[in-house]
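In what follows, a structure is listed as C-alpha cells, so that the remarks can point back to it.
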Amino acid sequence: MFLEIRNLKKYYGSGENRVEVLKGIDLGIEKGEFCVLLGPSGSGKSTLLNILGGIDQAEEGSIVIAGEPMEAMKEKQLTDYRRRHLGYVFQMYNLIPNLTVRENIEVGAYLGDDPLDVDELLHTLGLYEHQGKRPNQLSGGQQQRTAIGRAIVKNPDILLCDEPTGALDYKTSKEILKLIETVNRKYGNTTVMVTHNDAIKDMADRVVRLRDGMIRKSYCNEQRIPAEELEW
C-alpha cells in the first residue's frame, strides 16, 4: 500500500470544549489511484487532506507514505517531504500576479528533483498559447489550469485537490476534472480530491464517504466513468 492512514484522530480545544474533528480514520490508497473524499461541511474531509499535506497535524495515529512515517519527521524533514512528495491544488488559485503562466508553473518546477518538461505540460494543460499572459488576463478555468500545472510540474507522488472546481461554472468544472483525470493517468501520480459534488465519485478509483469525523463508507468503483460523461 502506497499511502497508509491508521487510527488518525484530530481534535481542537480541551475538556468540555474539545471538538473531535477526526475520530479514528483508517484508509489505504494504492499508488496511482484516484481517490475522492466526499462528505458534508464539517465531516472532516478537508482536515484529513490538510494533515496529509503536512499543513495540519494529527493528535493521534499514523500516516505512512512510500514507507516513510510522517509522525517521525522533524520540521526540516517535513518540509522536504512536502517538496518531494506533494502537489496541492486549492479552490482559490493563489497565482503570483506579476508572473506569466509559464513563470508561475516554473516556480513549481524549481521545487522538484525530477520536474516534468514545461513545454509538454503547457500543451497537456491547453495553455501553450497563453503561456505569456499574466493571471489577470486569464479566465477562472485558465487560472485553475495554471495552478494545476504549478502543482504537478515538480512530478509529485501525490496530488491533493481541495474543491478544485468549487469556484467554477459547470462547463469549466468539467474541463478541469477532465484535466485532473488526464494528469492522473498520464503521469501516474496518486490523486486525492475533496469535493461536495456527489457526481465526481463516479470518475474515481476509490470513494471514501465521511460524516462526523468518521469513514461511513469506502469502496472502489469497478469501472471509472470519464469526467466528460459526468452530469450533475
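Before moving on, here are some points about what is shown:
- Verdict on Lys154 being basic (Lys, Arg), buried (at least 17 other Cβ atoms within 10 Å of the Cβ) and modelled with pLDDT under 95: yes
- From the options Gly32, Gly54, Gly42, residue that is part of a loop (DSSP other than H, G, I, E, B), within 20 Å of Pro164 (Cα to Cα) and at pLDDT 95 or above: Gly32
- Qualifying residue in the stretch 128-146 (condition: surrounded by 18 or more Cβ atoms within 10 Å (Cβ to Cβ) and either within 30 Å of Asp26 (Cα to Cα) or of a type in the set (Lys, Arg) (or both)): yes
- Meets criteria (under 30 Å from His130 (Cβ atoms), out of contact with any Asp or Glu (no Cβ under 8 Å at 6 or more places or on another chain) and without any contact (Cβ under 8 Å) to a residue 24 or more places away in the chain) for Glu75: no
- Total residues in the stretch 204-230, condition within 18 Å of the chain's Cα centre (by Cα), small (Gly, Ala, Ser) and part of a loop (DSSP other than H, G, I, E, B): 1
- From Lys133, Lys171, residue being modelled with pLDDT under 95 and among the basic types (Lys, Arg): Lys171
- Filtered residue count, the stretch 82-122, keeping only those that are of a type in the set (S, T, N, Q) and either without any contact (Cβ under 8 Å) to a residue 40 or more places away in the chain or at positive phi (or both): 3
- Residue list for the stretch 184-201, filter: in contact (Cβ under 8 Å) with a residue 40 or more places away in the chain and either more than 20 Å from Met1 (Cβ to Cβ) or among the aromatic types (Phe, Trp, Tyr) (or both): Lys186, Tyr187, Val194, Thr195, His196, Asp198, Ile200, Lys201
The values are calculated or read from the model by the stated rules, or taken from the named source; none is laboratory data. Here the structure is a predicted model, which means the values were calculated and not measured. When we count neighbours, we look across all protein chains shown, and the Cβ atoms used for this are built from the backbone with ideal geometry, even at glycine.
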